[in-house]
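The values are calculated or read from the model by the stated rules, or taken from the named source; none is laboratory data. For clarity, every value in this text was computed on a predicted model and none was experimentally measured. Here the Cβ positions follow ideal geometry from the backbone for every residue, glycine too, while neighbour counts run over all protein chains shown.
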Amino acid sequence: MLAAVDGETLLLHQSHPAKIAVDVSASAISGLLLWRRHLLAGATVRYLLPVAGSIAVLSLADLSRHRERRAGRYVLEHMPPGAQVVRLAGDLVMALGCWRRRPRLIAAGSLLVLAGWAHGLVLGAPPAARLRRLRPQALRRPGSGHRPSP
């Protein structure tokens, strides 16, 4: 069973490669099922597989190592709740597009999901993240043996 998981870990697991693979696969399979008018199967695949993927990643993956990787650092600095809402809204638009067989809605939903992921690329680092990056350098004393990080 899962132990108590903090918000940072929940955020971090979203960028784990296994979790992303499950989410993308579930979206594609669900999209096909919804296009073929299998509402219950499509909705089940779209929402239960990602939950199962989350449980697996949170239970089995070493997220402390993932925190130090580029993707882990990115979500910790650039994935505020608003960006997550944009991603969820995009997923819902894609599902609706599949159900209504409207490729433009699917494309619009995909763009919303990408916009949610690209939050940090578009808007840059939030002030708190910029301050966190600057603070260690500002606290270093000359000759303390620490070299500035690249």
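Among residues of segment 84-103 that are farther than 15 Å from Leu32 by Cβ and in contact (Cβ under 8 Å) with a residue 12 or more places away in the chain, those with a Cβ under 6 angstrom from a residue that is assigned to a helix (DSSP H, G or I) and β-branched (Val, Ile, Thr), sequence gap 6+ or separate chain, pair up as Arg87/Val113; Gly90/Val113. Across segment 104-141, the qualifying residues are those that are among the hydrophobic types (A, V, I, L, M, F, W, C) and outside any helix (DSSP H, G or I), and the one among them that is modelled with the highest pLDDT is Ala118.
Any chance segment 39-47 includes a residue that's touching a residue at least 12 places away in the same chain (Cβ under 8 Å), in a helix (DSSP H, G or I) and within 13 Å of the chain's Cα centre (by Cα)? Within segment 39-47 (the criterion being touching a residue at least 12 places away in the same chain (Cβ under 8 Å), in a helix (DSSP H, G or I) and within 13 Å of the chain's Cα centre (by Cα)), the answer is no, since none of the residues qualifies.
Check segment 61-80 and report whether any residue there is of a type outside the set (Ser, Thr, Tyr), in contact (Cβ under 8 Å) with a residue 24 or more places away in the chain and closer than 16 Å to Met94 by Cβ.
No, there is no match, as no residue in segment 61-80 is of a type outside the set (Ser, Thr, Tyr), in contact (Cβ under 8 Å) with a residue 24 or more places away in the chain and closer than 16 Å to Met94 by Cβ.
Is one or more of the residues making up segment 45-55 surrounded by 15 or more Cβ atoms within 10 Å (Cβ to Cβ), of a type outside the set (Phe, Trp, Tyr) and more than 17 Å from Met94 (Cα to Cα)? Explain how you work it out, then say what you get.
Filtering segment 45-55 down to residues surrounded by 15 or more Cβ atoms within 10 Å (Cβ to Cβ) leaves 45-46, 49-50, 53-54.
Adding the requirement that they be of a type outside the set (Phe, Trp, Tyr) leaves 45-46, 49-50, 53-54.
Among the residues that remain, those that are also more than 17 Å from Met94 (Cα to Cα) are: 53-54.
Yes, segment 45-55 contains at least one residue that is surrounded by 15 or more Cβ atoms within 10 Å (Cβ to Cβ), of a type outside the set (Phe, Trp, Tyr) and more than 17 Å from Met94 (Cα to Cα).
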